[in-house]
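Only the coordinates and a few stated rules stand behind these numbers; no lab work does. Remember, it's a predicted structure, so these values are computed and weren't measured experimentally. Note that we place each Cβ from the backbone using ideal geometry, even for glycine, and neighbour counts take in every protein chain shown.
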């Protein structure tokens, strides 16, 4: 795809996203908002799990930390700025705190590989969730409020629809930049074979830590915005295991380690669960589970992986015919 | 005499009660192809792991271009100019051959170079330019061995540690690998070669170091080494004494 076509498509997408809430009504605006939020989370997870191969089963810890950090920033320091701009500093603080927390735990936890790292992160999520729930100062058990100051007259679902759309675009741009940089190559080398990567001059520890901190910061920011979007939340609203699992499943379905796989996987799964299966509430989880198993069995490389394989096969046939 | 690019003095490595490397000394002259041979379990790969920093020394010292390697992490040793081709090929299977080599070109010795030019040169030296755009998954053993060498030399090393590059190759592929290593030396890269194929070793090595049970038992030219009684004993065992009549 040439650059001008990509630019044109990008602009068209922005226009469509901008006018969509007018046509689709509040329910589908919320579904779209959930899509932007979930896709952005999956992209952020993919930077660590997809590019470097370090699958985290506990990324929800950064959603929870981000949400509670923003809430306590507001209650302790008070809102700085007015209207929607009062969200900026708490959200940045949440991202910073999650990044710092990731930096602190990175060195010991990233020495674990494969399933050990995944389980250790699951443990981190559980421990922090329990601490926030049981230490009174955090108010995780009773819940905290985070006011959503939408600009005058705008419905909250529309406001957060635009905020999450902007965050999705930002996460996508960051992911593209990372993937096509020296940093991205280092992460791919780590994913493929960490010992060999070291022998090729890749400072594996440094790049893994960077990926972990970046991924945690993005998820922390998304968690803070999520906190604003729900307005009131307890530990169990934000330290949710299904958030972590969704990030992984969406990436797997779309194509783990690819740039657009997380977005495609999120779109497919949310369309299935929120739109198609919303009429079968009593059996929708059963069907969703069966579909996930079927997709993973039939297209283990995800949707993008299968498409890539198909086009590569066609290109090879064309090449042999031309020869 | 050429300068010494890599030297070891009293190199020792213990794994709990096992002594894998026992007080080994070595001096590798720059620009040479040096052999390292010994029976299975002699400690050859352990010695390479000590040089590349995968293992820490229990005792002794290793110096590269006069600088002690103590405390220097593996990736920095590579950036200093030490590259390694592994005994068991470790390609990045999801990446193409070109991308595999590009990783070495990007992260190797830190200097301003055209990475694509480096990749093309490594492909040419190893003779795998025709499969540059294929993914590494599913390549034949012979091609994987060449990819190992190509990726290692793309880091622009002064010293290449080649760990059994001819293992599992047929005679034609072995000859191609020998030519490939000669090309590598032709680019000014010193090669230290671990190999069991004695025909290959004796045909390209200037000198050979022999270890057995972690100890250095011989060192010299290929002709000196193959006729050394200690080496023959290490490989074939001691002759059986005829009982006195």
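Based on alpha-carbon atoms only, what is the radius of gyration of the stretch B:2-51 relative to the globular estimate 2.2 N^0.38 Å?
Expressed relative to 2.2 N^0.38 Å, the Cα Rg reads 1.22.
Roughly how many nanometres apart are two label points built 7 Å out from the Cα toward the Cβ at residue A:290 and residue B:232? Placing both labels 7 Å beyond Cα along the Cβ direction yields 7.6 nm. Is the stretch A:1-156 rounded, prolate or oblate when judged by the Cα gyration tensor, a ≥ b ≥ c being the square roots of its eigenvalues, rounded requiring a/c under 1.5 and prolate requiring a/b larger than b/c? It is oblate, given that a/c is not under 1.5 and a/b is not larger than b/c. Of all DSSP bridge pairs formed entirely within the protein assembly as shown, close to 60 percent run antiparallel.
State the volume of the convex hull built on the alpha-carbon positions of chain A, expressed per residue in Å³ and rounded to an integer.
Output value, Cα hull per residue: 170 Å³.
The Cα trace of the stretch A:209-253 gives Rg and Dmax of 11.9, 33 Å, the first to one decimal, the second as a whole number. Largest first, the three principal axis extents of the alpha carbons in the protein assembly as shown are 107, 64, 51 Å in whole numbers. The shape of the stretch B:81-191 comes out oblate: with a ≥ b ≥ c from the C-alpha gyration tensor, a/c is at least 1.5 while a/b does not beat b/c. Counts of other chain beta carbons within 10 angstrom of each beta carbon in peptide B:91-98 average 3. Note on chain B: with a GNM built from Cα contacts shorter than 10 Å, the maximum mean-square fluctuation among B:16, B:129, B:213 falls on B:16. Kirkwood-type hydrodynamic radius, the stretch A:93-211: 17.7 Å, calculated from all non-identical alpha-carbon pairs. Comparing Cα centroids, the stretch B:142-166 and the stretch A:174-247 end up 33 angstrom apart.
Each residue, residue A:27 and residue A:85, gets one label point 7 Å from its Cα in the Cβ direction; the gap between the two is 3.9 nm.
Between residue A:281 and residue A:96, residue separation times 0.36 nm minus the direct Cα-Cα distance comes to 62.7 nm.
With N the number of residues in the stretch A:97-166, Rg(Cα) / (2.2 N^0.38 Å) evaluates to 1.60. Between A:30, A:191, A:136, the Gaussian network model of chain A with springs among Cα atoms under 10 angstrom shows the greatest mean-square fluctuation at A:136. Once the Cβ-Cβ distance of residue A:103 and residue B:63 is raised to the sixth power relative to R0 = 22 Å, the FRET efficiency obtained is 0.05.
Once the Cα atoms are used to define both axes, helix B:141-153 deviates from the longest principal axis of chain B by about 80 degrees. Taking 7 Å steps out from each Cα toward its Cβ at residue A:182 and residue B:32 produces label points 3.6 nm apart. Counting only DSSP H runs of at least 4 residues, each contributing -39500 (n - 2.57), and dividing by the residue count of chain A, the helix-based mean residue ellipticity at 222 nm comes to -25500 deg cm²/dmol.
The fraction of all Cα pairs in chain B landing in successive 5 Å bins from 0 to the largest distance is 1, 6, 14, 18, 19, 17, 12, 7, 3, 1, 1, 1, 0, 0, 0, 0, given as whole percents.
Here the stretch B:101-121 is scanned for amide nitrogen atoms under 20 Å from the site 7 Å beyond the Cα of residue B:129 along Cα-to-Cβ, giving B:101-106, B:114-121. How much mean residue ellipticity at 222 nm does chain B get from its helices, if each DSSP H run of length 4 or more adds -39500 (n - 2.57) and you divide by all residues, to the nearest 500 deg cm²/dmol? Using -39500 (n - 2.57) per qualifying helix, the result is -10500 deg cm²/dmol. Over chain A, Cα pairs under 8 Å with separation of 6+ residues give a relative contact order of 30 percent. Legend: calculated FRET efficiency, residue B:87 to residue B:175, from the Cβ-Cβ distance at R0 = 22 Å, rounded to 0.05, equals 0.65. For chain B, find the longest principal axis of its Cα atoms and tell me its angle to the long axis of helix B:97-107, 0 to 90°, nearest 10. It is inclined by approximately 80 degrees.
Note on A:121-131: average number of Cβ atoms from other chains within 10 Å of each residue's Cβ is 0.
At a Förster distance of 60 Å, what's the computed FRET efficiency of residue B:196 paired with residue A:16, Cβ-Cβ distance as r, to 0.05? The formula returns an efficiency of 0.40 here.
Across the stretch B:113-245, the convex hull enclosing all Cα atoms gives 144 Å³ per residue. Over the C-alpha atoms of the stretch B:1-142, the Rg to Rh ratio, Rh being the Kirkwood estimate, stands at 1.01.
Mind running the shape call on the stretch A:172-271? Use the C-alpha gyration tensor, a ≥ b ≥ c as the square roots of the eigenvalues: rounded below 1.5 for a/c, prolate if a/b tops b/c, oblate otherwise.
prolate
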